[in-house]
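Structure record follows, encoded as structure tokens.
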Amino acid sequence: NVCWLLTRRAHGFYAKDAGVAHRKNLGLLRKIMCQESTKFKNVWTTHSSSPIAYERGRIYLDNYQCCISSVAQEPRILYQKPKCSKSEKIEDALLLECPLGKTLPRPSDYKPSLIVLTVRNWLLRLSADSGEILEKIHLADSCCKFRYLSWDTPQEVMVVKSAQNKLPAGAQQAGTQESALFCLAIFQVLPLSFIGMLEINKKIFGNGVSDVAVSNGILIVMYSVGLVRLYNFQAISEQFMEQPFDLGHQFNWNGQVGVVGKYPFGLPCNIKITDTPPLLFEASSLENAFQIGGYPWHYIITPNKKIHKGVFHICSLKDNALAKNGIQEMKCCSLEPDWIYFHPDMSGRIIHVGPNLIKVLKLKEVENNTDQMEVAEDFTIVANRENCVNNAVMVTASGRVVKRRYNLLDDDPEQETFKIVDYEDELDLLSTVAVTQIGADGRAHLDFHCNEHGILLKSIPLVESWDVTYSHEVYFDKDLVLHIEQKPNRRFSCYVYQMVCDTAKDDEGSSHEKTERVFCKKGGRIFEY
């Protein structure tokens, strides 16, 4: 029990293995959190006219100019920078955390930092606690608009992607041909180092390229017709890299002399793909929906026709063979489609979410045929619709019989409907958000399920109204629940819930009161009340 585990920890049973101690501590937190006496209460709220972002216990307001810590019992402002100009606007950001077991050149490298990309193609590394600029890299001139940050390998290799290069209408009418569609800059992080920059152009990859990404060492090229092609990015960089460059070093490139990563030269495009690289894999899927996962490796696609929307095929990556029971379809009638993805817990399972049903599937060998895999159901989570009656014939209070001319949709607001499914890896919990429209207001609750068996362990009602027509994000981060809501006309709200352990004294006495801490913006600065 909890007391026994605390006693063993105090006696030093886990002193030689910090990982074991950490896992035991998280196990204790999970047990405490799932107790009936433990509640999650809305402790403070904030509103903003600009997007609100959340990263590992930090809430960012005003385009990352204000950072609020949500970890402590009392929320506090970590830093607040002056309002920036439009030319300094931040387009995207990634949180960078210190790698384990690695010696770093600067003391600041051992603390969390925020990598941000500005509208003028500057890549900045900021201290996550103070907002101080630690590193500053100029990417390119204004002819290339970098807009997106992503991970190739989480916390190791970062990708900076440009917006799609589209010619102005006048140039298109004049018949001007622009070959480069996207630019990608690749960096090793901590210490931040430049790997290379490359262009995705029509001459090599053909017409119709709609998007591109680099993930887990794979260059993914997507086409408007639904085609997805995979290439080995490491092989491309080794074959087509003309010359490696180091940040801060002088270079002479195509007649230009400058410093790598400094204004106005930026970074050289040192990976020039002159021939079509070897193709690893190709698939055609509706809306480029393509995922790889499972063990052995499988992929999920939707046949590339609109009539097949909502139908998912699970196939072997080795030979493209469809798995037994590999066609998954909810057959639901709803405004919002169901969705499917590989479970992020690295178990190889698959999560399929519909309006009122969540199916967790697993891959297993077919009996008497080890060469073929079968998709089997591991467990299901069903929405609570016990009180919902969808009869075609109704009787009014006066006794008049009325026939309904239509049936309710599976995601009708008056019925409990799943909106969000997430996984908390540190506590090994599957979280779901279900919403029901009650009169003019929508009511939502966040449920915690055992990730292994799907058993309901805890349900947390959200006190704020939930409008299904708005955009919502819900973060479950150990003992913290955070709900970000985007309303029309760029109005954003953030509701933070923290874990509290109620006692009989708290429930009966008047000493326990809810404290709402509101952050208001006046004259360009943020004040606490």
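Tally time: how many residues in region 246-299 are under 14 Å from residue 196 (Cα atoms), in contact (Cβ under 8 Å) with a residue 60 or more places away in the chain and surrounded by fewer than 19 Cβ atoms within 10 Å (Cβ to Cβ)? The number of residues fulfilling the criteria is 2. Restricting attention to region 326-351 and to residues that are in contact with an Asp or Glu (Cβ under 8 Å, 6 or more places away or on another chain) and more than 23 Å from residue 281 (Cβ to Cβ), the residue that is most open to solvent (accessible area, probe 1.4 Å) turns out to be 335. Cβ-Cβ distances below 9 Å connect the following pairs, each with a first residue in region 68-94 that is in a loop (DSSP other than H, G, I, E, B), a second residue that is of a type in the set (A, V, I, L, M, F, W, C) and modelled with pLDDT under 85, and a separation of six or more residues or different chains: 75/519.
Among the conditions (1) surrounded by fewer than 15 Cβ atoms within 10 Å (Cβ to Cβ); (2) within 14 Å of residue 189 (Cβ to Cβ), the only one that residue 109 does not satisfy is (1). Take residue 212 and decide whether it is within 27 Å of residue 308 (Cα to Cα), touching a strand residue (DSSP E or B) at 6+ places or on another chain (Cβ under 9 Å) and in a strand (DSSP E or B). Yes, satisfied. Within region 204-218, the set of residues being open to solvent by less than 20 Å² (accessible area, probe 1.4 Å), under 18 Å from residue 284 (Cβ atoms) and touching a residue at least 40 places away in the same chain (Cβ under 8 Å) comprises 205, 212. Contact map, region 300-326: first residue aromatic (Phe, Trp, Tyr), second residue in a strand (DSSP E or B), Cβ cut-off under 8 Å, separation 6 or more or different chains; pairs are 312/300; 312/301; 312/327; 312/328; 312/329; 312/340; 312/352. Considering region 272-343, the qualifying strands (runs of 3 or more DSSP E), each wholly inside and each with 1 or more residues that are out of contact with any helix residue (DSSP H, G or I) (no Cβ under 8 Å at 6 or more places or on another chain) and under 26 Å from residue 210 (Cα atoms), run over 279-284, 290-293, 298-301, 311-316, 339-342. Residues of region 176-203 that are open to solvent by 30 Å² or more (accessible area, probe 1.4 Å) and closer than 24 Å to residue 224 by Cβ: 176, 177, 178, 179, 199, 202, 203. Of all residue pairs spaced 6 or more apart or on separate chains, those with beta-carbon atoms under 7 Å, a first member in region 230-245 that is surrounded by 16 or more Cβ atoms within 10 Å (Cβ to Cβ) and a second member that is of a type in the set (Phe, Trp, Tyr) and part of a strand (DSSP E or B) are 230/281; 245/194; 245/251. Residues that are at pLDDT 90 or above and among the acidic types (Asp, Glu) are absent from region 12-24. Scanning region 126-168 for residues that are open to solvent by 80 Å² or more (accessible area, probe 1.4 Å) and in a loop (DSSP other than H, G, I, E, B) yields a count of 9. Under the condition of being over 27 Å from residue 95 (Cβ atoms) and either part of a strand (DSSP E or B) or not hydroxyl-bearing (Ser, Thr, Tyr) (or both), the residues counted in region 177-199 number 5. When we screen 39, 102 for residues that are part of a strand (DSSP E or B), open to solvent by 60 Å² or more (accessible area, probe 1.4 Å) and among the charged types (D, E, K, R), the only hit is 39. Of the strands (runs of 3 or more DSSP E) entirely within region 363-460, those holding at least 2 residues that are closer than 30 Å to residue 325 by Cα and modelled with pLDDT of 95 or more occupy 369-382, 417-424, 429-438, 441-450. Among the residues of region 428-478, those that are on the phi > 0 side of the Ramachandran plot and either open to solvent by less than 20 Å² (accessible area, probe 1.4 Å) or among the acidic types (Asp, Glu) (or both) comprise 428, 454.
If the condition is being in contact with a Phe, Trp or Tyr (Cβ under 9 Å, 6 or more places away or on another chain), open to solvent by 20 Å² or more (accessible area, probe 1.4 Å) and β-branched (Val, Ile, Thr), then region 42-73 contributes only 43. Looking across region 252-271, the residues that are among the hydrophobic types (A, V, I, L, M, F, W, C), farther than 19 Å from residue 215 by Cα and in contact with a strand residue (DSSP E or B) (Cβ under 6 Å, 6 or more places away or on another chain) come down to 259, 260, 265, 267, 269.
The values are calculated or read from the model by the stated rules, or taken from the named source; none is laboratory data. Predicted model only: the values in this text are computed from it and were never measured. Cβ sites come from the backbone with ideal geometry, for glycine too, and all protein chains shown count toward neighbours. With ligands, DNA and RNA removed, areas are computed over all heavy atoms of the protein, side chains included. Shrake-Rupley method; radii C 1.70, N 1.55, O 1.52, S 1.80 Å.
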